[in-house]
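Report on the structure given below.
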Amino acid sequence: MGLGGEGLLRSHGRDREAYTLINKALDLGVNYFESARAYDGSEEYYGKALRERRKDVFLAGKSHARTREGALEHLHETLRNMKTDHLDLWQIHDVRTMADVEEIFAVGGAIDAFVEAREKGLARFVGVTGHQSPLVIGECLRRFDFDTVLVPVNPAEASQKSFIEETLPLAERYGVGIIGMKIYVRGFTSKLTFYTSMEAFFRYALSQPIATAIIGCDDLEQLEQNVYFARSFKPMDWEQQDGFVDVVASHARDLLYYKETGL
């Protein structure tokens with residue numbers, strides 16, 4: 001699992017709590033850490049917390065800018081905030097529409113900044129993220145040799161026109177590393193009263209062909225629970241996965257509300 005930039009880290013003025021959370025994650029063996037230029041004070045928290053431990057982590061950032069100039073401005077701000085000279089992974093953030101795609105890949109579009117960053121060693125790898133349209137993310141993968149793709153991976157997705165069925169096989173075909181997000185459907189799993197634990201959602205996500213699942217945590221208790229789930233992980237077989245998807249299916253549309261709202 002990786003630590004996401006949401007939850008506690010998507011805030012301002014909680015430096016002590018953020019410092020404790022980030023370093024506790026490191027102590028527990030988590031080494032993938034993620035943020036975004038849009039995530040409030042998250043980048044600054046990492047800059048203050050990692051310090052001499054930067055070498056121990058795979059650090060990922062994101063830019064939602066759609067132009068070369070805007071993306072490079074975001075990158076340099078991210079590097080300053082995180083107090084590092086490079087990102088291990090820099091991602092084009094939240095690509096939602098074909099209009100986004102056209103802007104990103106136009107002359108002077110954001111993709112030029114990502115290529116430049118990789119060539120100059122400011123980013124070791126480049127990726128793309130999205131949680132609204134598998135078709136849009138698929139188009140991105142067809143247009144550029146991305147290193148990674150970050151998409152939702154949860155059983156509610158599987159019963160809709162989903163990233164699991166459309167994007168994951170395409171990414172595997174192109175040799176793109178797959179990172180899972182929204183594995184708890186942005187926390188809405190608490191509405192499913194027939195599940196008393198989040199572990200089933202974690203198991204489902206890690207049973208898919210993903211490299212890691214990033215999870216934002218509100219506090220140390222959530223972090224420790226997720227690390228426990230990761231350490232005790234046992235894959236779901238196909239029958240278990242299909243049964244889980246069937247149980248969640250009647251709630252899937254409500255759970256995937258984030259696709260329409262962007263949440």
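So the values come out like this:
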| quantity | calculated |
| --- | --- |
| Count of the stretch 155-173 residues which are farther than 9 Å from Ala252 by Cβ and either surrounded by fewer than 21 Cβ atoms within 10 Å (Cβ to Cβ) or modelled with pLDDT under 90 (or both) | 8 |
| Count - residues of the stretch 90-108 that are surrounded by fewer than 20 Cβ atoms within 10 Å (Cβ to Cβ) and either within 21 Å of Ala158 (Cα to Cα) or in contact (Cβ under 8 Å) with a residue 12 or more places away in the chain (or both) | 7 |
| Which numbered condition Pro235 fails, given (1) farther than 23 Å from Leu135 by Cα; (2) surrounded by 15 or more Cβ atoms within 10 Å (Cβ to Cβ); (3) at pLDDT 95 or above | (2) |
| Glu52 being without any contact (Cβ under 8 Å) to a residue 40 or more places away in the chain, within 18 Å of Lys83 (Cβ to Cβ) and surrounded by fewer than 16 Cβ atoms within 10 Å (Cβ to Cβ) | yes |
| Search result, residues across the stretch 224-256 that are under 22 Å from the mean Cα position of the chain (by Cα), part of a helix (DSSP H, G or I), more than 30 Å from Gly29 (Cα to Cα) and of a type outside the set (Val, Ile, Thr) | Ala252, Arg253, Asp254, Leu255 |
| Yes/no for Leu28 being of a type in the set (A, V, I, L, M), over 17 Å from Ile214 (Cα atoms) and surrounded by fewer than 23 Cβ atoms within 10 Å (Cβ to Cβ) | no |
| Test for Tyr204: is it surrounded by 13 or more Cβ atoms within 10 Å (Cβ to Cβ), modelled with pLDDT under 95, under 26 Å from Pro134 (Cβ atoms) and in contact with a helix residue (DSSP H, G or I) (Cβ under 8 Å, 6 or more places away or on another chain) | no |
| Qualifying residue in the stretch 60-68 (condition: outside any strand (DSSP E or B) and closer than 19 Å to Leu26 by Cα) | no |
| Of all residues making up the stretch 4-27, the number that are touching an Asp or Glu at 6+ places or on another chain (Cβ under 7 Å) and either closer than 28 Å to Ala71 by Cβ or part of a loop (DSSP other than H, G, I, E, B) (or both) | 7 |
| Selection count where residues are in a loop (DSSP other than H, G, I, E, B) and over 15 Å from the mean Cα position of the chain (by Cα), scope the stretch 152-164 | 4 |
| The stretch 31-49, subset part of a loop (DSSP other than H, G, I, E, B) and of a type in the set (A, V, I, L, M), residue surrounded by the fewest Cβ atoms within 10 Å (Cβ to Cβ) | Ala38 |
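Conditions (1) assigned to a strand (DSSP E or B); (2) surrounded by fewer than 24 Cβ atoms within 10 Å (Cβ to Cβ), marked per residue:
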site	(1), (2)
Asp85	no, yes
Asp88	yes, yes
Asp112	no, yes
Arg124	yes, yes
Gln132	no, yes
Leu135	no, yes
Leu141	no, yes
Leu150	yes, no
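Rundown of residues vs (1) among the polar types (S, T, N, Q); (2) part of a helix (DSSP H, G or I); (3) surrounded by fewer than 15 Cβ atoms within 10 Å (Cβ to Cβ); (4) modelled with pLDDT of 85 or more, yes/no style:
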{"site": "Arg186", "(1), (2), (3), (4)": "no, no, no, no"}
{"site": "Thr193", "(1), (2), (3), (4)": "yes, no, yes, no"}
{"site": "Thr196", "(1), (2), (3), (4)": "yes, no, yes, no"}
{"site": "Gln208", "(1), (2), (3), (4)": "yes, no, no, yes"}
{"site": "Gln222", "(1), (2), (3), (4)": "yes, yes, no, yes"}
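The values are calculated or read from the model by the stated rules, or taken from the named source; none is laboratory data. These figures come from a predicted structure and were not determined experimentally. Positions of Cβ are generated from backbone atoms using ideal geometry, with glycine treated the same way; all protein chains shown enter the neighbour counts.
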